[in-house]
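Colleague: Please see the structure below; I have some questions.
The values are calculated or read from the model by the stated rules, or taken from the named source; none is laboratory data. All figures in this text were calculated on a predicted structure; none of them were measured in a lab. Cβ coordinates were reconstructed from backbone atoms using ideal geometry, including for glycine residues, and neighbour counts include every protein chain displayed.
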Amino acid sequence: MNDIKSCNIESASDNAIEVRTVKKKFKVFFDKGQSLKEIVLFKNRNHYENRWVLKGISFTVKKGEAIGLIGENGCGKSTLLKLMTKIMYPDYGDICIKGRVSSLIELGAGFHPDMSGRENIYINASIFGLTRKEIDNRIQNIIDFSELEEFVDNPVRTYSSGMYMRLAFSVAINVDADVLLIDEILAVGDANFQAKCFNKMREIKSNGTTIAIVSHALNQVEQICDKAYWIKDGIIEEQGEPRTVIPKYMNWIMSKEDRIELKRNEELIEDKNEIIINDKNIESHQEIEELDQDELKEIRKTGQEVEYGNKNIEIVNYKLINLSNNQSSIKFSCEDSAKLEVEYVLNNEMVDEAMFSIAITRSDGVMCYTTNTLIDTGKNISLKKNGRIELFIEPLQLMQGEYIIDISLTKDYGPIYHCICNAIKLSVYNAKSDYGIFKPNHKWIIK
Amino acid sequence: MKIFKELYDYREMIFSLVRKDLRGRYKGSVLGFFWTFLNPLLQLAIYNIVFATILKNGIDKYYLFLFVALIPWFFFNGSLTGGTNCIIGQKSLITKIYFPREVMPISHVLSCFVNMLLCFVVIFIIVGISGVGINILAIIFLPLVWVTQFILCLGICFIASSVTVFFRDLEHILGIVSMAWMYMTPVMYGIESVPPKYSFLFMLNPMTPIIQSYRDILYYKTVPQVSTLLHALFLGIIILSIGYLTFNKLKKHFAEEL
């Protein structure tokens, strides 16, 4: 009898999850015979390679703790979660979980389009292992949470996709479990509903449920999890508090992108030498992708200075000066004026003009202001070998808070020469008690 | 034993899958649930025309003789050929959610079983119309035969559902096998028409004693022989054991293979 190895956590221990040197391999077929001849001859049928996706992972999770598994695509984190839910089984090692497990990997499992929302709640919840009585007790909560009261007796096929997901999520999140395993699903519905889901997650956590999350949304991991595990190439690369693990992971991702860019640039330079030698606009062929919004947000989170670009022009020095005392500073009153000084060197003689941009973002992610020389002056700045750019902000007009300034030199909106995110962090204080996000120039006239 | 507790915890899933299957099956069709009865009746009409009207086999009230065997056969056939699809057809569930994998074949067989029980209503109506009448003492044995057949069908479904995951050709092979199997089982004819030298082969067929028992109870109005019942139960338990062991061995790799 090949029963699943039963494993137990000692009842005295307060561990909810124990993962012990878990290894998992997949068979990767090089060429699965597709043609009739190959199938008949069984040619290449057994031509495969074992790929180890998990190479020995161990950790324990205490009861009531929340952990986040992070890592790039294909690093094995989702596989690990599947092993924990017992959808798959490890080739080596074992995983023990104490208590009832509920997994939010697939939403809306077993939904039947022709049946009503209410009937589907019963089907879906039963798949999570709830009994009829348990579902009866929860059904009102589920319906309330989904905000679909008036539609709940309509067939699910008449639902919009957002409604569908809301219903599915409501069922999943109302399954009371001792251990909750979640794979990348908090991105459901509109912002309002997402916030609601998020609060519910916190509530579940505060009720003592142990949670394991696989996510690319690093801010969610940071906000919910007590511990983060960065999985790289099938092993745990870093573990610890999300605040320390996530920046390391981000740095690695960034440096990896840099390496890819560098390689791409080298290739392009080789191409250039071969084909077009005297083309002045050569650098416009170099495509360096800008970071997308999500990545930028992540960088903001870490608060660390992150730079990228091909450095045909390089920002070598920058500082912010408080004009009220003419000193380099990061502390300002909202009525102070500021001057930003940026020095650059030209590394590539073929580049002769560029655009300088600045962005001011509040620490909670609100973009306050962004502009560039092209918008303000209508033309690019012509470059010198060593140059200096000065920007006066008179007065600052920002209200109390922490702000971050990003600076960049780019060619129009094309290739990035040098961009520094989180270049300057400044804090603004307000001596008066007026309040808001922005202080317009104003004066009162009372007649 | 752990599996029984787990299946008990997941009983609502089994029931709701059965409900969904029975209700969802004819959803959208005009006649709806009525097809549950109409389908076997139409098949009965076809077989009756071929074997009673054209071939003239001389069996008294052949339609009843046939029908009491045909309905249980449909149950068996559904478990066998339908069973091939009950894991691979639920890919999204199997690869994404944990639940005891046994739930799938069990709920499939249960749904076929409930379908058969509903058809027994039609059988009783036909028994009534035909004037054959009912032997109450014999009818008491009917649930016993149902349970026996359920055990057998579950075993068959365990095998068919799990092996198909790794050997997809089985689905097509079983299409033919089930047809051959029907003709090798005394459904359309009586066991007495089988040449004696082949009868031991028929006795290895687990469906033979089951069909015989149904026919004894409903057509011949006699209590089935204890030896026939034990024979059926014995084969059923063997098949269920083999089926469960096979399923249990293969189920760990379902998610990877799908």
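Colleague: Quick test of your reading of the structure: residue A:376 fulfils all but one of (1) touching a Lys or Arg at 6+ places or on another chain (Cβ under 6 Å); (2) surrounded by fewer than 19 Cβ atoms within 10 Å (Cβ to Cβ). Name the failing condition by number.
Modeller: Residue A:376 satisfies all of (1) touching a Lys or Arg at 6+ places or on another chain (Cβ under 6 Å); (2) surrounded by fewer than 19 Cβ atoms within 10 Å (Cβ to Cβ) except (1).
Colleague: Checking the structure you have, find out if any residue of the stretch A:105-117 is without any contact (Cβ under 8 Å) to a residue 60 or more places away in the chain, more than 9 Å from chain B (Cβ to nearest Cβ) and not in a loop (DSSP other than H, G, I, E, B). Reasoning before the result, please.
Modeller: Our first condition is that a residue be without any contact (Cβ under 8 Å) to a residue 60 or more places away in the chain; within the stretch A:105-117, this holds for A:106, A:109-117.
Now restrict to residues that are more than 9 Å from chain B (Cβ to nearest Cβ): A:111, A:113, A:116-117.
With the extra rule that they be not in a loop (DSSP other than H, G, I, E, B), the set shrinks to A:116-117.
Looking through the stretch A:105-117, at least one residue is without any contact (Cβ under 8 Å) to a residue 60 or more places away in the chain, more than 9 Å from chain B (Cβ to nearest Cβ) and not in a loop (DSSP other than H, G, I, E, B).
Colleague: Need pairs with beta-carbon distance below 6 Å; first residue within 7 Å of chain B (Cβ to nearest Cβ) and within the stretch A:118-131, second of a type in the set (A, V, I, L, M) and in a helix (DSSP H, G or I); sequence gap 6+ or separate chains.
Modeller: From residues that are within 7 Å of chain B (Cβ to nearest Cβ), the pairs are A:122/A:135; A:126/B:13; A:127/B:13.
Colleague: Follow-up question, since we're still on this one. Would you check if residue B:45 is at pLDDT 85 or above, among the small types (Gly, Ala, Ser) and surrounded by fewer than 17 Cβ atoms within 10 Å (Cβ to Cβ)? Don't jump to the end; show me each part of the working.
Modeller: Numbers: at pLDDT 85 or above: yes; among the small types (Gly, Ala, Ser): yes; surrounded by fewer than 17 Cβ atoms within 10 Å (Cβ to Cβ): yes.
When the stated conditions are applied, residue B:45 passes them.
Colleague: To continue, here is another question. Are any residues in the stretch A:337-376 touching a helix residue (DSSP H, G or I) at 6+ places or on another chain (Cβ under 9 Å), among the polar types (S, T, N, Q) and within 17 Å of residue A:316 (Cα to Cα), and if so, which ones?
Modeller: Correct list: A:348, A:357.
Colleague: Could you list, in sequence order, all residues of the stretch A:95-117 that are more than 30 Å from the chain's Cα centre (by Cα) and either among the acidic types (Asp, Glu) or surrounded by fewer than 17 Cβ atoms within 10 Å (Cβ to Cβ) (or both)?
Modeller: Answer for the stretch A:95-117, where residues must be more than 30 Å from the chain's Cα centre (by Cα) and either among the acidic types (Asp, Glu) or surrounded by fewer than 17 Cβ atoms within 10 Å (Cβ to Cβ) (or both): A:99, A:113, A:114, A:116.
Colleague: On to the next question. Out of (1) among the β-branched types (Val, Ile, Thr); (2) in contact (Cβ under 8 Å) with a residue 24 or more places away in the chain; (3) more than 11 Å from residue A:118 (Cβ to Cβ), what's the single condition that is false for residue A:142?
Modeller: Among (1) among the β-branched types (Val, Ile, Thr); (2) in contact (Cβ under 8 Å) with a residue 24 or more places away in the chain; (3) more than 11 Å from residue A:118 (Cβ to Cβ), the lone unmet condition for residue A:142 is (3).
Colleague: From the list B:33, B:74, B:113, which residue is aromatic (Phe, Trp, Tyr), touching a Pro at 6+ places or on another chain (Cβ under 8 Å) and surrounded by fewer than 22 Cβ atoms within 10 Å (Cβ to Cβ)? It would help to see each step written out before you state the result.
Modeller: Values: B:33 fails: touching a Pro at 6+ places or on another chain (Cβ under 8 Å); B:113 fails: touching a Pro at 6+ places or on another chain (Cβ under 8 Å).
Exactly one residue qualifies, and that residue is B:74.
Colleague: Run down B:44, B:22, B:66 and say which single residue is farther than 17 Å from residue B:193 by Cβ, away from chain A (no Cβ under 14 Å) and assigned to a helix (DSSP H, G or I). Don't jump to the end; show me each part of the working.
Modeller: Working: B:22 fails: away from chain A (no Cβ under 14 Å); B:66 fails: farther than 17 Å from residue B:193 by Cβ.
Only one candidate passes the filter, namely B:44.
Colleague: Determine whether the stretch A:429-447 contains at least one residue that is among the aliphatic types (A, V, I, L, M) and assigned to a strand (DSSP E or B).
Modeller: Our first condition is that a residue be among the aliphatic types (A, V, I, L, M); within the stretch A:429-447, this holds for A:431, A:437, A:445-446.
Pick out the ones that are also assigned to a strand (DSSP E or B) and you get none.
No, every residue in the stretch A:429-447 fails to be among the aliphatic types (A, V, I, L, M) and assigned to a strand (DSSP E or B).
Colleague: Next up: Examine the stretch A:74-82 for a residue that is modelled with pLDDT under 80 and closer than 24 Å to residue B:94 by Cα, and state whether such a residue exists.
Modeller: Taking the stretch A:74-82 first, the residues modelled with pLDDT under 80 are A:74.
Checking which are closer than 24 Å to residue B:94 by Cα leaves us with A:74.
Within the stretch A:74-82 (the criterion being modelled with pLDDT under 80 and closer than 24 Å to residue B:94 by Cα), the answer is yes, since at least one residue qualifies.
Colleague: Would you point out the residue of the stretch A:61-85, among those that are in contact with a Ser or Thr (Cβ under 9 Å, 6 or more places away or on another chain) and within 14 Å of chain B (Cβ to nearest Cβ), that is farthest from residue A:235 (Cα to Cα)?
Modeller: It comes out as A:85.
Colleague: A follow-up question, please. When you scan the stretch B:73-164 for helices (runs of 4 or more DSSP H) that lie fully inside it, which ones turn up with 2 or more residues that are out of contact with any strand residue (DSSP E or B) (no Cβ under 9 Å at 6 or more places or on another chain) and within 25 Å of residue B:238 (Cα to Cα)? Steps first, please.
Modeller: Values: elements: B:85-88, B:91-96, B:103-130, B:136-139.
Filter on the stretch B:73-164 gives B:85-88, B:103-130.
Colleague: Can you tell me which residue within the stretch B:214-237, out of those that are surrounded by fewer than 17 Cβ atoms within 10 Å (Cβ to Cβ) and in contact (Cβ under 8 Å) with a residue 60 or more places away in the chain, is nearest to the other protein chains (Cβ to nearest Cβ)?
Modeller: Per the criteria, the residue is B:237.
Colleague: For the stretch A:332-363, what are the residues that are surrounded by fewer than 19 Cβ atoms within 10 Å (Cβ to Cβ), more than 15 Å from residue A:423 (Cα to Cα) and not polar (S, T, N, Q)?
Modeller: Within the stretch A:332-363, A:335, A:345, A:346, A:349, A:350, A:352, A:353 meet the criteria.
Colleague: Kindly establish whether residue B:240 is in contact (Cβ under 8 Å) with a residue 60 or more places away in the chain and away from every other protein chain (no Cβ under 14 Å).
Modeller: Working: in contact (Cβ under 8 Å) with a residue 60 or more places away in the chain: yes; away from every other protein chain (no Cβ under 14 Å): yes.
Against the criterion (in contact (Cβ under 8 Å) with a residue 60 or more places away in the chain and away from every other protein chain (no Cβ under 14 Å)), residue B:240 qualifies.
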